[in-house]
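Values quoted throughout were computed directly from the atomic coordinates according to the rules given, and no laboratory measurement underlies them. From a predicted model like this one, the values you see are computed outputs, not experimental measurements. Glycine gets a Cβ as well: all are built from the backbone with ideal geometry, and neighbour counts include every protein chain shown.
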Amino acid sequence: MPLTPHGRTDSGGRSDSNGRSGAVGLHVVGTDEMPHKGNAGKSSAGAKADAEAENGAEAETDADADAGTGPGDPPADAGELERVLAELLAFLRRRITGDYTVDEHGFDVDLTEHVVAPLLRPIYRSYFRVETRGLENIPDRGGALVVSNHSGTLPLDALMTALAVLDHHPAHRHLRMLAADLVFAVPFLAPLARKTGNTLACHADAERLLGAGHLVGVWPEGFKGIGKPFSERYKLQRFGRGGFVSAALRSGAPIIPCTVVGAEEIYPMVGNARTLARVLGLPYVPITPTFPWLGLLGLLPLPSKWIIEFGEPVDTSQYTAAAAEDPMLVFELNDRIRETIQHTLYGLLMQRRSVFF
């Protein structure tokens, strides 16, 4: 039930063919120079003080430059702030003039890149401090299916995964996510979901997107995974009947297992108000240590430390489209992907020092 989320770079600045610019990183090399001749008339103490001040300024500049700026880093100086404001004004101008495109599924790249992604970056970078691994396993082009575990009560894991690919993959690809029907039943949520690249979790849309060469994301645990109690954290639920495998087989797209650690702790679900959930038509209404006891403040997720790891892809090009009709093969691949993610979960949990660090 996720929502989502070119020309960016992790450490250096560049612009793509559409004029979008990445974050700019400045590096100044410090030098140890002799005092200039202009200091000859000064006392030795004064010249020494000037030299120390100059070297100190250069060292400070070096330290700032070495830190660099990434795609989600705050503006480094007034010039960077001016660039951000200029991009915002350019975005508003395009909205007013209608100079932007929307694909057949309603995906608005301009809105996603210049409004939604910038709003999510502080959460990704500073709040959850997401560490992303294995991005080299995602192809630069062509259809591919990312299959991930699902947790956290609210689908923030899907949003963070999409942003990780957009900002840190060399090709800055958009993850087109297959969302639950409930997402498109909520009035204010449905249009935003469409505009940020989401579509219904059905075979037809999945095969159409994969066939068109898009990177597609699916969370086969569904509500069973995202709404499970905290006592069952990091225990994968059933992956259904393997519908995502059939879509990958028909399109010949590789299947990339994705593992997320950290989302389970953002809303520890200790109870479920089932009666209220039935009245509201929701799959669950979570009870956490902070919600509903702290009111709206209880909706604030806990700042756990996240790791997102993309595993080695499972090649499906060796199979024909007819293989999608073989239930034994579908179940076998379905179980293989699930076991891979579960095994990776255990490994990452053993590596993790703490929930919050």
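Here region 216-253 is scanned for amide nitrogen atoms under 15 Å from the site 7 Å beyond the Cα of Ala321 along Cα-to-Cβ, giving 246-253. Per-residue packing, averaged as other Cβ atoms within 10 Å, sorts the ranges 153-160, 295-302, 336-343 into the order 153-160, 336-343, 295-302, beginning with the highest.
Each label was represented as a point 7 Å from its Cα along the Cα-to-Cβ direction; for Leu294 and Asn272 these points are 2.4 nm apart. Take each peptide in 138-151, 213-226, count the other Cβ atoms within 10 Å of every residue, and average; sorted highest first, the result is 213-226, 138-151. Region 245-274 and region 176-231 have Cα centres spaced 11 Å apart. For a paramagnetic label modelled on Val186 (point 7 Å from Cα along Cα→Cβ), amide N atoms under 13 Å away belong, within region 264-305, to 281-286.
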